[in-house]
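What follows is one structure encoded as structure tokens, with my remarks underneath.
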Amino acid sequence: MATSPCSSSGVSSSSSSGLGADAGLEIRTRSVEQTLVPLVSQITTLINHKDKPKRSDKTLQAIQRVGQAVNLAVGRFVTVGEAIANENHELKEEMSVACIEARRAGETIAQLTDVAKLDHPESDSHITIFTDKTGVVKAARLLLSSVTKVLVLADRIVIKQIITSRNKVLATMEQLEKVSSFQEFVQIFSQFGNEMVEFAHLTGDRQNDLKDEKKKARMAASRAVLEKCTMMLLTASKTCLRHPDCESARINKDGVFHRMRLALEQVIEIVTDSRPNGENEMAPVSIYSGIKEFKNKVEGLRENLYFLSKENLSTMLEVILEHTEDFTDSAYTSHEHREHILELSKQAKMELEQLVSVWMQAQNQKTKDLMEDLEVSILKTCQCMNELKREVHSAATSLAADLLKYHMDHMVLKALKITGVEGNLEAVAEYTCKLSEQKEQLVEMCRLLRHVSGTEPLEITCIHAEDTFQVTGPQIISAAETLALHPSSKIAKENLEVFCEAWESQLSDMSLLLREINDVFEGRRGEKRVYLSLPRPGKHNSNLKALKPVKLDTEEQAKIAKLGLELHLLTSDVDSETEKWEDQENEIVQHGQGMSSMAYSMYLFTRGEGLLKTTQDLFHQAEIFATEGTKLASALHAFSDQVHEDDKALLLLEAEKLISMCKQLQITAKASAQGKSATFTKVDACILKTRNVMTLLCKLLPLCFKLLRKNKAGNGCLKPAPPWKEDRIRTGTNAHTPERRVETFGVKSLENHVANMKFLESK
């Protein structure tokens, strides 16, 4: 497979002013897109002013200041781009060309906006934005295209870092596979742990930056595999070293290494947007997505009777009904559900036949009566499909609820542990058969849930769960067989524990997934999922005991339940506020949504649910939450430059409160806590301070929304972008440190140089 970063991300967009960027570029990450938004807005404002008949001195001066600000910003932006080129020789030629184009375009815009001293710009011989309309559009296009190229090239470096990190992990994995002594293993695994943490953080940043929700979900699934497999690899390898002649131990270890390699490969496929041998990804179609598309086509007949053929509609229905066979053929579908699905399938065919008949008549003779008959047929067909959708949802979710309830006692796993320690090979064989049956049930459950998941990210989560049960089942069996052959082996016992914990964890995750699927079906929120990156290792990361996390007991969960409930209510309030904004890509909205999502995960933690499994997970999430709050404060500072002076002071005061509260939360989350009592006190403090931040956020969002509407309703003139601050410029002078190099030579440093180009409100 090609792992070249060349296919990273770029631009394929245009503005209402006809500013089309390079058609060969496509934006795939939010950081590149959000860096370009202010620049597009600023240039669009300039171009939209070229046709205004009345131009006051104030307007002319503002236009000139904007043009100069754009030129100055681009100049400093290019300085960073050139520094990147010098540090990355393989991109130097392309980056240099893009930088030269950007600088030239910026200078042209400055010249064309030099209008403040012209009393009658139209009659003057000096070429300006008013006299050379084609010139300013051309310069704007060149500027957007070249700046985008610089950003995309910088993004390639981020991709290159991920590929390099993956290669390091693979190389160390090969060493771990061949190791023959414990001492050597501990030494190499310590290095491997550090490399995995670096890879986790790089891919975590990339996951959050991806625009495509489907790719984001796939990345989360791959990273979840790597996170769980890291511990499996440790115990499976140690078991193999302790029992080198044991075939089941070798099979167990090989399975872990194979799964990790597949997950690493999938991460690179997502990052580079490529597939092995150039093949296209063929995702299976779910019943939900099929019904949604079918209904859209049927309802489209109201507007246009000729946009598709009857054969197309018939084929679409056939595909949907073929998928319902997954339910009717399943041994786990109840007789009642099976009969209802078959009955509705038959009815759907009849309704479509009636619809096609009326539709064909309406094409030949468009009378009022026929159009009314067509409307009735459309409604009846869609109603039938809704009933079918409801029936398969009920079948899948009721099966899932029953299976999860039945298997939640983990009796088979407990029996395998006991019989393994006893060395009872016959009993182990009996219980492995039962586990295989359980695996088949859970795999079937995941397949049916995928059909009714409702969103692509949840579909991918179902596929990931199916794979996890499919792979983990045989691994538990090989681990149990190893223990039965070596019943006194502590490491073999510990290895079986790790694989059983992975199974139990996946069952727990299925309960959350089922709730989310039901939420989507019922129109409630159901897609809030925050992924945790791998925990940072301590000094002795090769020590298994040091890696074991702490969970709250039932009594402790009860104590923080009230705080958790308050947090849940606040997340609902924040969601309601963010939904009011027309521009969902607004930076303030996105940071608010991100904080709400993280707070929701912390609320689930207080109930013993969700993706935050341990106190360490919670503390790590609190740190990320505080960082997101600090980013929101920066966005508020930027927004304050667009509001009137009377409102600015209030907004900045609230932003400073937010910064202070986030700093306090970070200090609390990072503080060490030894012992059960101290850990619980720290948990309580983190959730309390998160609640306080969310309370402030509930005040901030409506305030910003009100100021934004007030600003748009006002009739003020152009407000130029604030001057660039010298201390925002970063060059390669401090690039000798690896951490600083990542920050300096990437998309984020370039964001800083465009971030001050604010949205301008035109007269």
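The values are calculated or read from the model by the stated rules, or taken from the named source; none is laboratory data. Computed from a prediction, not measured in an experiment: that's the story for all the values here. As a convention, Cβ positions derive from the backbone with ideal geometry for all residues, glycine included, and neighbour counts pool all protein chains shown. Only protein heavy atoms, including side chains, enter the accessible area calculation; ligands, DNA and RNA are left aside. Shrake-Rupley method; radii C 1.70, N 1.55, O 1.52, S 1.80 Å.
Yes or no, residue by residue, for (1) touching a Cys at 6+ places or on another chain (Cβ under 6 Å); (2) at pLDDT below 95; (3) among the charged types (D, E, K, R):
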| residue | (1), (2), (3) |
| --- | --- |
| PHE257 | no, no, no |
| VAL271 | no, yes, no |
| PRO276 | no, yes, no |
| TYR288 | no, yes, no |
| LYS292 | no, yes, yes |
| GLY300 | no, yes, no |
| TYR306 | no, yes, no |
| SER330 | no, yes, no |
| THR333 | no, yes, no |
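For region 155-188: of the residues being open to solvent by less than 10 Å² (accessible area, probe 1.4 Å) and over 21 Å from the mean Cα position of the chain (by Cα), which is modelled with the lowest pLDDT?
Checking each candidate, the answer is PHE185.
Within region 65-116, which residues are open to solvent by less than 10 Å² (accessible area, probe 1.4 Å), closer than 15 Å to LEU144 by Cβ and of a type in the set (Val, Ile, Thr)?
Listed by number, the residues that qualify are VAL70, VAL74, VAL78, ILE109.
Looking at region 231-248 only, could you name the residues that are over 17 Å from GLY473 (Cβ atoms) and either buried (at least 21 other Cβ atoms within 10 Å of the Cβ) or in contact with a Pro (Cβ under 8 Å, 6 or more places away or on another chain) (or both)?
Those that are over 17 Å from GLY473 (Cβ atoms) and either buried (at least 21 other Cβ atoms within 10 Å of the Cβ) or in contact with a Pro (Cβ under 8 Å, 6 or more places away or on another chain) (or both): LEU233, LEU234, THR235, SER237, LYS238, THR239, CYS240.
What is the one condition in (1) more than 22 Å from LYS292 (Cα to Cα); (2) open to solvent by 50 Å² or more (accessible area, probe 1.4 Å) that GLU353 does not satisfy?
Evaluating GLU353 over (1) more than 22 Å from LYS292 (Cα to Cα); (2) open to solvent by 50 Å² or more (accessible area, probe 1.4 Å) leaves (1) as the failure.
If we scan region 324-341, do we find a residue that is within 32 Å of the chain's Cα centre (by Cα), free of Cβ contacts under 8 Å to residues at least 12 places away in the same chain and farther than 30 Å from ASN304 by Cα?
No; the residues of region 324-341 include none that is within 32 Å of the chain's Cα centre (by Cα), free of Cβ contacts under 8 Å to residues at least 12 places away in the same chain and farther than 30 Å from ASN304 by Cα.
When you scan region 486-501, how many residues do you find that are assigned to a helix (DSSP H, G or I) and surrounded by fewer than 19 Cβ atoms within 10 Å (Cβ to Cβ)?
Here the count works out to 4.
Of (1) free of Cβ contacts under 8 Å to residues at least 40 places away in the same chain; (2) assigned to a helix (DSSP H, G or I), ASP245 satisfies all except one. Which?
Result: ASP245 fails condition (2) only.
With the requirement that a residue be within 19 Å of SER505 (Cα to Cα) and basic (Lys, Arg), what does region 219-268 give you?
If the condition is that a residue be within 19 Å of SER505 (Cα to Cα) and basic (Lys, Arg), then ARG223, LYS228, ARG259 are the ones that fit.
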